[in-house]
Amino acid sequence: MTVTHPTMTETEALIVPDARNARRRHQRYLYRDGKIAYWLLLPAVVLLGIFVIWPALYAVFLSFHDWSFYKAPEFVGWRNYTNVLTDPLFWAAIGRGFVFVVMTVPPMLLLAFGFSSLVVAVARRFASVLKVSIYLPTIISTVITSIIFVVIYDYSGGLLNAFLGLFGIDPVAWLGDPKWALLAIAIPAVWLGMGLTSLIMVAAMIDIPTEYYEAAAMEGANWWQKTFFITIPQMKNIILYLLVTGFVAAIQQLDLPLVMTQGGPLDSTTLPNLFIFNHFTNDVNVGYSIAAALLLFVVLGTVSALIFRFVNSERLVD
């Protein structure tokens, strides 16, 4: 029995080598492009290693030591972490931080959503004015904002108490009363964060296809129905992003309580970062402050992961 092998035609004999050469050239170009990409990424990786990765690793190393600026590190094992975890003031600051998040993030998201809906609904020229006006607080320094609101909250000559006096309401020690101090700090935090949050929401609303609203209008849907069944579902990813970033920013707030109240009265405005800052500046053992900062990082990472877990993110498909 003889086996016959198919023979290549002249055209095939010319095409096969050309295909192999093209494949080799393509692989060579991919290797060259990848090599260029690595060289372009190298400066960023070096800077990331010097200013982020190495300090983080060294901070973990120091958290296991009794260390200060005046003596060499002395290994103490888990003692710093034990001291932090058994410190009721640390947990009180964490709980106060969560209360501050509830005071700031939901109101900021609701106000920004309402303002963004207004911007999208009005004429383009007026919308530009609104966007500029809402973004102005974002470019103002937090320290300047703190001073402005301290003047507003002043007990004897503040604008807020003067306004309440018109209705016969007695002056309130907004920054001197533990019952009101945290709320008084939450208001400028919302004011500062609304600008960027609103612009992100405006961009998300503009990106929603108008065909969805046109089809809903043909079915007789009103504004509320369009909002709950079209706008909010289509903005799910943006809302998730703003929820996580707002939570992280709020619980790490430092400037407002530091400038406005220094953590008082009676530690009612001592948020987690201010608690760590006070220990860092007052304690001889810096390892305690580093351990507290790393534990706060664990808390932030855990809560952020839970938010991503329970608020599922889906890609928008047109």
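The values are calculated or read from the model by the stated rules, or taken from the named source; none is laboratory data. Just so it is clear, the structure is predicted and the values come from calculations on it, not from any experiment. Positions of Cβ are backbone-derived with ideal geometry, glycine not excepted, and every protein chain shown enters the neighbour counts.
Of note:
- Of the criteria (1) among the hydrophobic types (A, V, I, L, M, F, W, C); (2) over 15 Å from ILE185 (Cα atoms); (3) buried (at least 20 other Cβ atoms within 10 Å of the Cβ), which one LEU256 fails: (2)
- Residue in segment 158-174 that is of a type outside the set (D, E, K, R), in contact (Cβ under 8 Å) with a residue 60 or more places away in the chain and assigned by TED's automatic domain parsing to the domain that holds SER268 present: no
- Qualifying residue in segment 225-234 (condition: under 17 Å from the mean Cα position of the chain (by Cα), in contact (Cβ under 8 Å) with a residue 40 or more places away in the chain, within 28 Å of ALA112 (Cβ to Cβ) and buried (at least 17 other Cβ atoms within 10 Å of the Cβ)): no
- Helices (runs of 4 or more DSSP H) enclosed by segment 10-113 - at least 3 residues per element that are modelled with pLDDT under 85 and exposed (fewer than 15 other Cβ atoms within 10 Å of the Cβ): 10-48
- Listing of helices (runs of 4 or more DSSP H) fully contained in segment 190-305 that carry 2 or more residues being among the β-branched types (Val, Ile, Thr): 236-251, 272-282
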